[in-house]
1. Would you mind counting up the charge near B:G55? Only other residues with Cβ under 13 Å from its Cβ, with Lys and Arg at +1 and Asp and Glu at -1.
2. Report the net charge of residues surrounding B:V149, where surrounding means a beta-carbon distance below 13 angstrom and charges are Lys +1, Arg +1, Asp -1, Glu -1.
3. Quick one: A:S76, A:S277, A:S265, fewest Cβ neighbours within 10 Å first, how do they rank?
4. Among B:P27, B:P90, B:P60, determine the one that fluctuates most according to a GNM of chain B built with springs between C-alpha atoms less than 10 Å apart.
5. Evaluate the relative contact order of segment B:71-152 (contact order divided by residue number), counting alpha-carbon pairs under 8 angstrom at least 6 apart; express in whole percent.
6. Let me know the shape class of the protein assembly as shown, please: from the alpha-carbon gyration tensor, a ≥ b ≥ c as square roots of the eigenvalues, rounded when a/c is under 1.5, otherwise prolate if a/b is greater than b/c, or oblate.
7. Taking neighbour Cβ counts within 10 Å as the exposure measure, how do A:H392, A:H143 sort from fewest upward?
8. Taking amide H atoms as placed 1.01 Å from N in the peptide plane, list the residues 5 or more away in sequence, or in a different chain, whose amide H sits under 5 Å from that of A:A189.
Amino acid sequence: MFDLLLQGFGNVFSLQIFMLITVGVAVGIVFGAVPGLTAVMAIALCLPMTYGLGPAAGISLLIALFVGATSGGLISAILLKIPGTPSSIATTFDGGPMMEKGEGAKALGVGIVFSFIGTIISIGALMFIAPTLARVALSFGPHEYFAIAVFSLTLIATLSSGSMAKGIFAGVLGFAVSTVGIAPVDATARFTFGQVELNAGFNILTVLVGMFAVAEIIKVAETARNPLAGSTKAAMVRIKGFGFSMAEFLGQIPNALRSAFLGVSIGILPGIGAGTSNIISYIVAKKRSKTPEQFGKGTIEGVVASETANNAGIGGAMIPLLTLGIPGDAVTAILLGGLMIHGIQPGPMLFLTQGPLVYTIFAALIVSAFMMLLLEFWGLRIFIRLLAIPKHILLPVILVLCAVGAFGLASRVFDIWTILGFGVLGYAFVKAGIPTAPFIIGFILGPMAETSFRRGLQLSRGDYMGFVTNPIAGTFLALAVISIAWQLWGEWRNARRPAAAGSLRLGGEE
Amino acid sequence: MRLKDTLVALAMTGAGLGYLGMIAGLPVRDGVDATTVPTILAWMMIGLGLIELAGALRRPGEPGEKGVGNMVTVALTLALIAGYVAALRPLGFPIATAIYLFLQFLVLTPRDGGRPFARYAGLAVMAAGVIFATFRYGFDLLLPAGPLVAWLN
C-alpha cells in the first residue's frame, strides 16, 4: 500500500498536477467563500476544462476544487454570517458572534486549522477503513435509510431555540417543499402546476442561496440606512499565527477527534453529508461541553466542531464513492461524473484494476489539504480586508453572484426567481422566529425518507412493522423517540425554571 | 396573548391547510401513494400550528414588542431584485446588472454617508463587466447578453 501511495505522490508532484492542485484549491476556496457559489458549481464549471487532461491530472484538479470549496465556506460563514456552503451552516452559529465580538481573526484561524485536521483524519479513514465501512453501508436497505432519516429529522427538535414546535415545523415545511416534482416510486407529478421547470423539484442550491444569502441581504436592507449600520467592523486585533494559543489548540483536540469521527461516519452514509454532519457535531459538542451556555454566543468549540466535521466529510463521502460507486452527496455525485468522463468506473474492482490511480487520488487529497492550509493562512489577511468593504456595496454584488450561480445550474432565469422566492421565505422565518437550519435539513433528507419509506413498505408487503422489527431501523427509530422525549422533558424542566433556560440560536432568527 | 406569536401560529396552521388543499388535487391510488407522505406532513404542520397557537394565546403580551424596521428599504430592495431578474433576458446581464447594482448601492447607502453617484456608477459598470467576463469567457457560462449579443458572444 505504501509503495502505491509513494507512487501516487510521485504523480502528484509532477509540475502540471501540482500547479493544477494549487489553482484548484484557490478557486475552490473562492467558490466556497462566496455565497451562492458552491463546490458543485466549481466542479461543474471546471469539469469541461479537464477533458484535455489525463485522468490523474483531471481528477486531481476536481479533488482540489472539492477540498478548497468545502473549507472556503467558513470564510463567509464567519465574516458575513452567511454560510458559503451547506457544510458551514453551523460555523455561523459561533463564528458570526465571534466576529461581532472582534474575534473574527481567531475564528478564521481556528476554522482553517481544524478544517485541515478534519480533512487529514478523514483521508486516513478513507485509506485504512474504507472497504470495511463501505460494506456495512452497502448492507443498509430502505428500512434502515428511512429510520436514519427520521432520526436525523428528530434532531431538529434539539436544534430549535425557544419553541420546539417552530423547529419541527421548519423541518416539516422543508420536507414538504422537497415533495414538489415527480414523486418517487410511482412518478406522479406533484405541486408542479404545469410548470416543466418544477418537474425535477427545487434545486438544493437555489433553496440554500435563497434562504441564507438572499434572506440575509433583505434583512440587512432593513437596517442598512441607519447611520453606521452599512459597514461591518473593520477594526481587528493584530493576528499572531493563526490567532489562538497552543493551550486553546490542545484543549480542542478531544472535540476535534469526536467531530472528525462524526463527520466521517455521517459522510459515509449516502444522502447525509457534510451539510448535516456539521450541525450534528455542533449539537454533540454543545451537549458534551463544560460551558454549553457559551454556544451561540461566540465560542471556538462551536467553530471547531463544525469545521472539523464538515471537512472530515470529504474522506467520508469518498469512501462509498470509490469503493461502491455510490455518491454520498451532490459534490461526490458530480465527482462521479468526472471520474466516468475519464473512463474510471468506481466500485469494488477499482482498487484491484486501477490501484495506482486510486492512490494518486489519495495523494491528491493529502496535498490539497496542505495547500488549503497554506493558501488560507496566507490569504487570511486578505479575507480580513474584505471587512473594509461596506455592506451596502458588498451585498448587492453577492446577490449578483448568487443570481449567476442559480442561472448556471440550468441556464434558466426561473432558478433566479426561485432564489428570490426562498429569500422572502427565509426573511419571513427570521421575522417569525422560525429557525432556518431545520428547514434545510428537512429539505435534504425529505426525498430520501419518502423514497425509503415507500420502498420499505413494498419490501415488507405493506407491513409497517417491518420498520420496527429490523434491528438497525428499530434502533434508530427508538433513538428518534428518545430524542423527542428528551427534548420535551428539557422544555418542561425549563418551563418550570425559566431563568435557567439556555437558548441555541440558529439560522439568524430574532 | 402575544399578537406576533398568534399571527405566526395562524400562518403555520394556514400553511398546513393550504398544503392539504393542494394535496386534494393529486390523483389517489389504493394503499400508499404519492399523497401519503404529503398528507402526514400537512397534518403535522396543522398540529404544530395549533400547539403554537395554544402557547401564544396562553403567554402574556409584551408591551415593548419590537417594531418594524425600515420596511420601505426592504420593499425597495425586493422590487429592485424582482426588476433585475425580469430585466435579465431583455436587457442582458451586463446592462441589467450595472443598473441594478447602481440603484441598489443608492438604496442601501446609510443616511449619514454621502451618495457618490459617479463612483457608484463606475463600480456598478466595472463589477458587472468583470463578473460577466469571468463567467462568460472563463467558465463558458452563457449569461444573457441582451442587445449586446453581437459584440459579446
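Just so you know, all these numbers are worked out from the coordinates, no wet-lab data involved. Keep in mind the model is a prediction, meaning the values are calculated, not measured. All Cβ positions, glycine included, derive from the backbone under ideal geometry; neighbour counts span all protein chains shown.
1. The answer is +2.
2. +2
3. Working: A:S76 29, A:S277 32, A:S265 18.
Least crowded to most crowded, the residues run A:S265, A:S76, A:S277.
4. B:P27
5. Working: 67 pairs, mean separation 31.5, N = 82.
38 percent.
6. It comes out rounded by the Cα gyration axes.
7. On the way: A:H392 23, A:H143 26.
Going from least to most buried by this count: A:H392, A:H143.
8. So A:A189 has HN proximity to A:A183.
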